[in-house]
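Trainee: My questions will all concern the structure given below.
The values are calculated or read from the model by the stated rules, or taken from the named source; none is laboratory data. As the structure is a computational prediction, the values presented were derived from the model and not from experiment. Here the Cβ positions follow ideal geometry from the backbone for every residue, glycine too, while neighbour counts run over all protein chains shown.
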Amino acid sequence: MNKARTLLVCAVTAIALTVTACSTRTDNNAESAFNPYGKSVAELGSALTGGEVTSVELVGYYTERIHKFDEQGPSINSIIALNPSARPTAEELDAERTERGSRGPLHGIPVVVKDNFDVDGMATTAGSVALTNAYPVDNSAVVQKLIDAGAIILAKTNLSEFATSSGRYGYSSEGGLTLNPNNLNRNAAGSSSGSGAAVAADFAALALGTDTYGSVRAPSAANGTVGIRPTTGLLSRDGIAPYSLTFDTPGPLAHTVEDAAMALTAMSGTDPADPATHDSDVHRGNYAAELNKRALDGARVGVIKNFSGSNDDVDAAVEGASERMRANGATVIDLTLDGIDNLYTDLLGPLGRMDFSGDISAYLQQLPPGTAKTTADVLALLRSPGVQASADPPNPKTLEAMDATVLAAPMKGGPEYQALLDRVREIGAMVEQRFDELGLDAMVFPTMECPASPRYDQEDTTYRCDGESYAPMYLGSALSSPEITLPVNVDKQGLPIGLSFLGRRYDEKRIINLAYSLEQAVEVDNSPSATPK
């Protein structure tokens with residue numbers, strides 16, 4: 001395993017019951033009885049405000065869990081590097097809370113971020129040893145917004161290398177393979193694998209990922225967290241190693257809908273460095289402050305049936321959630337959509353291949369001297385004898401996929417590229433028409449057609465899938481529309497099953513409220529057995 005971690009020294013004992021010894025308190029009570037395990041951001045914030053715990057203690061608690069379960073024990077392997085500035089930042093924020101009060105709900109909350117976000121003082125590897133020494137000059141725009149809101153960047157998380165899974169979900173030459181804490185025989189999905197697994201394993205209550213074709217939603221569904229893919233353009237992509245700027249967007253992963261909404265509120269807004277966000281200030285909302293437990297009452301929800309029939313447990317979970325929605329006052333309508341088969345093969349994949357080489361090379365050009373500057377530079381490094389002989393060599397299929405992007409790059413902006421974009425817009429118009437015809441507030445479907453699949457390096461005869469597991473997520477990507485996923489059940493192997501609410505562009509508030517309302521109505525025990533209290 002090829003990890004270059006910076007270890008924080010913070011003594012934490014009796015982890016199942018207390019957080020200890022990292023406290024900056026001056027009273028005689030050196031220990032806090034508060035147990036952060038499984039707590040939401042809202043619960044952590046309340047405990048911080050009430051003096052039950054300090055941010056320094058939280059940093060120590062999560063760091064100790066990372067040492068115990070990520071590096072050792074089940075070796076979930078979700079973390080690439082710990083932030084050496086986390087504890088000093090926590091000390092400053094604890095002092096600020098005492099002297100001037102809280103900045104808001106994220107003040108003093110430790111957060112982990114996918115290692116394609118720029119964080120000052122940490123390398124942005126994008127999961128690749130080719131970028132081990134790629135230190136950015138400042139924070140990405142959304143990371144800076146979180147820091148301004150008082151969040152503590154605790155660690156960087158593993159990902160599929162350059163956000164390209166190519167059959168190995170959650171595998172990278174920099175971080176190795178991330179495991180699913182709910183079932184170690186299954187993958188953590190991709191490409192934000194480390195972020196999904198880290199929240200599920202309670203290495204942090206909040207994480208950031210990026211989503212191109214499902215890379216926030218799939219890890220959320222596979223690991224049992226809430227995840228939001230916002231409207232493309234609501235959040236800035238500045239300072240994030242891209243895959244395809246046509247479809248890329250950052251998004252939060254969290255224990256609860258409210259937590260994800262808090263993060264989305266903090267991160268949204270217009271950024272001159274990302275022209276796609278020019279309308280963000282007009283559309284952004286205070287999503288967490290406007291939550292409504294009764295949002296399902298009177299809502300009209302369309303269940304897309306195109307994505308049923310692949311897995312009995314998933315189908316049963318969707319039907320169970322539909323019944324819950326009806327019981328809470330929603331009108332639930334079954335529907336099918338024409339023309340959405342093979343979205344990735346026919347449209348999204350070709351567009352992404354034309355985008356990648358130019359988009360990633362433009363990002364690399366902004367890094368300091370001495371780092372790779374083009375896709376060709378990266379490929380040369382990854383094919384070097386030393387890297388190929390390492391413990392975690394690059395996925396050969398990822399290298400082949402990157403070769404294909406170099407060949408496809410000259411086509412970007414040409415007639416074929418434009419024809420594909422036109423087809424994407426036609427699909428968007430068709431879906432918009434169905435929203436209007438049926439008077440829908442949201443469309444609903446299983447986030448993945450099947451639970452998390454087996455790891456690439458193991459067989460699992462219990463896995464059953466008669467379809468294309470990722471197919472449902474391609475619709476939201478094609479539309480650049482907001483989608484939120486939340487866990488609604490588990491399958492027979494203890495793997496979470498996620499349900500998605502898809503809305504119209506910039507209709508985050510509506511789908512977040514619908515998901516929040518359903519969240520209150522379902523009970524899902526998906527605490528991972530591999531990473532207990």
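Trainee: Does residue 112 satisfy the criteria of being within 20 Å of residue 78 (Cα to Cα) and either at pLDDT 95 or above or buried (at least 24 other Cβ atoms within 10 Å of the Cβ) (or both)?
Mentor: Numbers: within 20 Å of residue 78 (Cα to Cα): yes; either at pLDDT 95 or above or buried (at least 24 other Cβ atoms within 10 Å of the Cβ) (or both): yes.
When the stated conditions are applied, residue 112 passes them.
Trainee: Go through (1) in contact with an Asp or Glu (Cβ under 8 Å, 6 or more places away or on another chain); (2) crowded, with 19+ Cβ neighbours inside 10 Å; (3) not in a strand (DSSP E or B); (4) not acidic (Asp, Glu) for residue 497 and report which single condition fails.
Mentor: Among (1) in contact with an Asp or Glu (Cβ under 8 Å, 6 or more places away or on another chain); (2) crowded, with 19+ Cβ neighbours inside 10 Å; (3) not in a strand (DSSP E or B); (4) not acidic (Asp, Glu), the lone unmet condition for residue 497 is (3).
Trainee: Among 176, 196, 190, 121, which is the only one that is touching a Phe, Trp or Tyr at 6+ places or on another chain (Cβ under 9 Å) and closer than 22 Å to residue 395 by Cβ?
Mentor: Every option except 190 fails the conditions.
Let's see how each residue does on (1) over 26 Å from residue 341 (Cβ atoms); (2) of a type in the set (Ser, Thr, Tyr); (3) surrounded by 17 or more Cβ atoms within 10 Å (Cβ to Cβ):
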site: 372; (1), (2), (3): yes, no, yes
site: 378; (1), (2), (3): yes, no, yes
site: 382; (1), (2), (3): yes, no, yes
site: 395; (1), (2), (3): yes, no, yes
site: 402; (1), (2), (3): yes, no, yes
site: 419; (1), (2), (3): no, no, no
site: 424; (1), (2), (3): no, no, yes
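Trainee: Is it the case, given these coordinates, that residue 512 is buried (at least 24 other Cβ atoms within 10 Å of the Cβ), in a strand (DSSP E or B), aliphatic (A, V, I, L, M) and touching a residue at least 40 places away in the same chain (Cβ under 8 Å)?
Mentor: When the stated conditions are applied, residue 512 does not pass them.
Trainee: Residue 318 fails exactly one of the following numbered conditions: (1) closer than 17 Å to residue 443 by Cα; (2) β-branched (Val, Ile, Thr); (3) under 26 Å from the mean Cα position of the chain (by Cα); (4) surrounded by fewer than 19 Cβ atoms within 10 Å (Cβ to Cβ). What is the number of that condition?
Mentor: Against the list (1) closer than 17 Å to residue 443 by Cα; (2) β-branched (Val, Ile, Thr); (3) under 26 Å from the mean Cα position of the chain (by Cα); (4) surrounded by fewer than 19 Cβ atoms within 10 Å (Cβ to Cβ), residue 318 comes up short only on (4).
Trainee: Spot the failing condition for residue 242; the list is (1) surrounded by fewer than 24 Cβ atoms within 10 Å (Cβ to Cβ); (2) more than 25 Å from residue 401 (Cβ to Cβ); (3) in contact with a helix residue (DSSP H, G or I) (Cβ under 7 Å, 6 or more places away or on another chain), and only one is missed.
Mentor: With respect to (1) surrounded by fewer than 24 Cβ atoms within 10 Å (Cβ to Cβ); (2) more than 25 Å from residue 401 (Cβ to Cβ); (3) in contact with a helix residue (DSSP H, G or I) (Cβ under 7 Å, 6 or more places away or on another chain), residue 242 is out only on (2).
Trainee: Under the condition of being over 24 Å from residue 120 (Cα atoms) and within 26 Å of the chain's Cα centre (by Cα), which residue from the stretch 72-104 is surrounded by the most Cβ atoms within 10 Å (Cβ to Cβ)?
Mentor: Initial filter on the stretch 72-104 (over 24 Å from residue 120 (Cα atoms)): 72-76, 98-101.
Subset that is within 26 Å of the chain's Cα centre (by Cα): 72-76.
Values: 72: 10, 73: 13, 74: 16, 75: 16, 76: 29.
This residue is 76.
Trainee: Cβ-Cβ below 6 Å, separation at least six or inter-chain, first residue in the stretch 132-144 and part of a loop (DSSP other than H, G, I, E, B), second polar (S, T, N, Q): which pairs?
Mentor: 132/125; 134/124; 134/371; 136/124
Trainee: Right, another one. If you take the residues in the stretch 207-218 that are part of a loop (DSSP other than H, G, I, E, B) and among the β-branched types (Val, Ile, Thr), which one is farthest from the chain's Cα centre (by Cα)?
Mentor: 212
Trainee: Can you tell me which residue is surrounded by the fewest Cβ atoms within 10 Å (Cβ to Cβ) among those in the stretch 39-71 that are under 21 Å from the mean Cα position of the chain (by Cα) and not in a helix (DSSP H, G or I)?
Mentor: Looking at residues that are under 21 Å from the mean Cα position of the chain (by Cα) and not in a helix (DSSP H, G or I), I get 40.
Trainee: Can you find a residue that is in a helix (DSSP H, G or I) and either touching a helix residue (DSSP H, G or I) at 6+ places or on another chain (Cβ under 9 Å) or surrounded by fewer than 19 Cβ atoms within 10 Å (Cβ to Cβ) (or both) anywhere in the stretch 449-472?
Mentor: Taking every residue of the stretch 449-472 in turn, at least one turns out to be in a helix (DSSP H, G or I) and either touching a helix residue (DSSP H, G or I) at 6+ places or on another chain (Cβ under 9 Å) or surrounded by fewer than 19 Cβ atoms within 10 Å (Cβ to Cβ) (or both).
Trainee: I've got another one for you. Counting only residues that are under 21 Å from residue 204 (Cα atoms), crowded, with 24+ Cβ neighbours inside 10 Å and hydrophobic (A, V, I, L, M, F, W, C), how many does the stretch 154-177 have?
Mentor: The qualifying residues number 3.
Trainee: Just to be sure, is residue 192 in contact with a strand residue (DSSP E or B) (Cβ under 8 Å, 6 or more places away or on another chain) and among the hydroxyl-bearing types (Ser, Thr, Tyr)?
Mentor: yes
Trainee: Being more than 21 Å from residue 83 (Cβ to Cβ) and assigned to a strand (DSSP E or B) is the filter here; which residues of the stretch 154-206 pass it?
Mentor: Residues satisfying the conditions are 171, 177, 179, 186, 187.
Trainee: For residues in the stretch 426-448 being in contact with a helix residue (DSSP H, G or I) (Cβ under 8 Å, 6 or more places away or on another chain) and part of a helix (DSSP H, G or I), which is surrounded by the most Cβ atoms within 10 Å (Cβ to Cβ)?
Mentor: In this case the residue turns out to be 431.
Trainee: Quick one: how many residues across the stretch 94-123 are in contact with a strand residue (DSSP E or B) (Cβ under 7 Å, 6 or more places away or on another chain) and either farther than 21 Å from residue 240 by Cβ or not acidic (Asp, Glu) (or both)?
Mentor: Adding up the residues that qualify gives 11.
Trainee: Also, I was wondering about something else. Which condition number does residue 356 fail, the rest of (1) buried (at least 20 other Cβ atoms within 10 Å of the Cβ); (2) closer than 15 Å to residue 515 by Cβ being met?
Mentor: (2)
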